[in-house]
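The values are calculated or read from the model by the stated rules, or taken from the named source; none is laboratory data. Note that the structure is predicted; figures quoted are calculated from it, not measured. Virtual Cβ from ideal backbone geometry, glycine too; neighbours counted across all protein chains shown. For the accessible areas, the whole protein counts, side chains as well, though only heavy atoms, and no ligand, DNA or RNA atoms are used. Shrake-Rupley method; radii C 1.70, N 1.55, O 1.52, S 1.80 Å.
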Amino acid sequence: MNKKQHRGFAVVLVILISIAMVASGFSLFFSGSGLPSTDSNTPTNAAADYQAKKVRLAAIAEQVKADPSNVQLQTDLGNEYYDAGVAAAEVAPTEVQDNFKHAVEAYQNVLKTNKDPGVMVDMATAAFKSGDNDLADKSFKEALSIKPEFLNGLVNYGIFLANAKQDLSGAITQWQKAQNLATDSTEKAQIGALIGQAQNQLKAPTNNGVTNPATNGLSNPTLKNGQANPATTGK
């Protein structure tokens, strides 16, 4: 997927959001401006794509070694590692966490000199996927303190709260903010679906009749903002 163009808050990487319900589930696919998308890759193509990503990673890593202060190169490296982490889930699951950890490292290098909320959200999501929930939580909060009306940040943070913190009420609050900001009717509907199913899950009783706040949370949250432009703040 070509991620060379800066496209506002757009989610450039195809992502899967899924809330596992007590009796049923649903999934939403976002890409580009948030419109539904499907992935037609066969397993063979997915493996080839992942190997191609690894080749690009090696090349960018060498460039970064030669010019470690280059913010754009560090951003590109973070984006490539992030995408490799997503791609590895299908073809090389043992490499997923390391890819996301390397993405976090690259984004941290960017943030030393460029406090871009878009990069912060990408790093927070990568940290979540690498298992560092403390860093993820801190980074989401920092990004949204800088840019409170960051739609993609709000959606991502809601996913994190629901999955990592089992806090569906907090997730709903973030998604409601995002829904109010969304200008596209499809985006509004998709975020509304997240809200509705989270609300239903909050109402779902357990075997003792006690409300179950979150049975399984969210799976495979891999939202991404795309390639950040170091000259801008957020997307």
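I'd like to know if region 191-208 contains one or more residues that are at pLDDT below 50, on the phi > 0 side of the Ramachandran plot and exposed (fewer than 14 other Cβ atoms within 10 Å of the Cβ). No: zero hits. Number of residues in region 89-147 that are closer than 18 Å to N163 by Cα and of a type in the set (K, R): the value is 3. I'm trying to understand the selection: among the residues of region 92-117, which are of a type in the set (G, A, S) and at pLDDT below 95? Residue satisfying the conditions is A92 alone.
Identify, from the list K138, K101, the residue that is closer than 30 Å to I60 by Cα, assigned to a helix (DSSP H, G or I) and in contact with a Ser or Thr (Cβ under 6 Å, 6 or more places away or on another chain).
K101
With respect to the conditions (1) in a helix (DSSP H, G or I); (2) open to solvent by less than 50 Å² (accessible area, probe 1.4 Å); (3) in contact with a helix residue (DSSP H, G or I) (Cβ under 6 Å, 6 or more places away or on another chain), I159 falls short on a single one, namely (3).
So which of A59, A48, A66 is farther than 20 Å from E105 by Cα and either open to solvent by 40 Å² or more (accessible area, probe 1.4 Å) or β-branched (V, I, T) (or both)?
The unique qualifying residue is A48.
A quick yes/no check of all residues on (1) touching a residue at least 12 places away in the same chain (Cβ under 8 Å); (2) within 30 Å of Q51 (Cα to Cα); (3) not polar (S, T, N, Q):
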position	(1), (2), (3)
Q97	yes, yes, no
S130	yes, yes, no
A136	yes, yes, yes
K147	yes, no, yes
